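This report concerns only the one structure given below.
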Amino acid sequence: MPPLPTIVHLDADAFFVSVEQALDPTLKGKKVAVGGRERGIISSASYEARACGVYTPMPTARALNVCPDLILVRGCGRYGEFSRRLFDLCEELTPLVERRSIDEGYIDLTPCGFKTREAVVAAVRGLQKKITDTIDVPVSFGLATNKLVSALASKLYKPRGFIVVDPGDEAAFVAPLAIGKLPGIGPKTEKALKEQGIARVSDVLALPEGRLQAIFGDGWRDMLATCRGEDDSPVVTEFEDAKSYSQQETFARDIGDFAEIERVAKGMIDALMREIRADGKRVRTITVKVRHPNFEQASAGHSLPQSTNLEQPFYPWVAPLLKQAWQKRRAPLRLVSVKLSGVDNGPEQMDLFGAQTDEKRQRLAGVVDALNAATRRHGTPAVIHGSQLKKP
């Protein structure tokens, strides 16, 4: 039986924005970006916004300048949930799934036992459609014989791309690509190589061995193999769980109101806990970081005796940690961030005397999460914590 392309690289298209559009379909087809306010950074932009010159990471102020009608979305905190559902769908097809990041991964179709190229292609196209139909997030796919070529293929035509590189065509596929498309070739390296007359992969393949050694040093053989589309790295199914959850807010103007900063920090805890519960995790440690207009920053943290996925145990620590980090109380702040770490997914250990209260809070948190998930697409969440009510 002839060899088949069985390695797939999947790359979700503008993942953060796509999740926001799935939750609020009125955003589809519009110039949308996920990011901070005027002094924040764009973390994801729709392809309509990219066509206007918006890219990541771009300062929000500049993005609004190049695209005045850009719709800014702060972020829903449900990206971990959508990522988990995305890869769960992949694992329904094959057990060999490598979760490289929140929106990228590899799958190996070898266990599926496909006999023909047509069967492999049909299965991958079916998976692409299933992901879109199930979670409403578009994904681009590259199908090849190895991880390197499949990753290059998935990123070539986006969004909703689908490229197949057949066995034996790897070198011909890679050769015409810009040298900057190869992994490990950043903008500075690409510029330096262009100064050496190397603009495309084919330029490397045309060089004699001595010239390759002079340019790439001891790694010249690895570079040559990459340019030929050669890669024998396996799909690794074990992946490292998130070690922390974090969120930050860069203010449109410097803020010196302690109560407002505390409210914003508690709001971050609320958003992060929704994601933590959706991932089935718990955390023990909170770290609060502040940054002043001159970019000086400081942080303070505290660990709880036991891990939790509830907001309440962390609330009392927000004010003292803020005071500890914010030593110059009279100096306004440019940014505040909250990180929750010490991630745990083992069985919860509850205090015997507080078990009943915690159980009630768990049920209440589940109900609130469900209500807010149902009403998220309509704008304002149905239920917010009292700490988020602004004083008149």
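Every read-out reported here was derived from the displayed coordinates using simple, explicitly stated rules and does not represent laboratory data. On a predicted model such as this, the values are computed, not experimentally measured, just so you know. With ideal geometry, Cβ positions are generated from the backbone for all residues, glycine too; neighbour counts draw on all protein chains shown.
DSSP loop trypsin sites (Lys or Arg not before Pro) in segment 81-142 with at most 14 other Cβ atoms within 10 Å of their Cβ, which ones?
Of the trypsin sites (Lys or Arg not before Pro), the ones in loops of segment 81-142 whose Cβ has at most 14 other Cβ atoms within 10 Å are Lys115.
First select every other residue whose beta carbon is under 14 angstrom from the beta carbon of Leu127; then total the charges, Lys and Arg +1, Asp and Glu -1. If you can, show how the numbers build up before the last one.
Values: positive: Arg85, Arg125, Lys129, Lys130, Arg160; negative: Asp11, Asp88, Glu91, Glu92, Asp108, Asp133.
Summing Lys and Arg as +1 and Asp and Glu as -1 gives -1.
By per-residue mean of other Cβ atoms within 10 Å, what is the highest-first order of 13-23, 179-189?
Packing proxy ranking, top to bottom: 13-23, 179-189.
Show me, for segment 71-80, the HN-Hα J-couplings you get by feeding each phi into the Karplus relation (A = 6.51, B = -1.76, C = 1.60, θ = phi - 60°), rounded to Hz, glycine and proline as x.
Each residue's phi maps through the Karplus curve to give 8, 8, 10, 5, x, 9, x, 10, 5, x Hz.
Are any of the pairs Lys188/Lys243; Lys243/Lys323; Lys130/Lys243; Lys31/Lys266; Lys266/Lys323; Lys28/Lys243 more than 21 Å apart by Cα-Cα distance, and if so, which?
Listed pairs above 21 Å: Lys188/Lys243; Lys243/Lys323; Lys130/Lys243; Lys31/Lys266; Lys28/Lys243.
Rounded to the nearest 0.05, what FRET efficiency do Leu205 and Arg160 give with R0 = 41 Å and r taken as the Cβ-Cβ distance? Could you check?
With R0 = 41 Å, the Cβ-Cβ based efficiency is 0.85.
Taking amide H positions as placed 1.01 Å from N in the peptide plane, with prolines and chain starts having none, which residues 5 or more places from Lys31, or on another chain, fall under 5 Å of its amide H?
Ile71
What full-extension length gain, to one decimal in nm, is calculated for Lys115 and Ser246 as 0.36 nm per residue of separation minus the Cα-Cα distance?
42.6 nm
Tell me, what ³J(HN,Hα) does each residue in segment 258-267 have, in order and in whole Hz, if you take phi through Karplus 6.51 cos²θ - 1.76 cosθ + 1.60 with θ = phi - 60° and put x for Gly and Pro?
My calculation for segment 258-267 gives 4, 4, 5, 4, 5, 4, 4, 5, 5, x Hz in order.
Provide the FRET efficiency to the nearest 0.05 for the Leu224-Arg253 pair, computing r from the beta carbons and using R0 = 45 Å. Don't jump to the answer; show the numbers that get you there.
On the way: r = 54 Å, r/R0 = 1.20.
Step by step, r from the Cβ atoms, then E = 0.25.
For Leu333, what residues show an amide H to amide H distance below 5 Å, using hydrogens built from the backbone and excluding near sequence neighbours?
Ile255, Gly256
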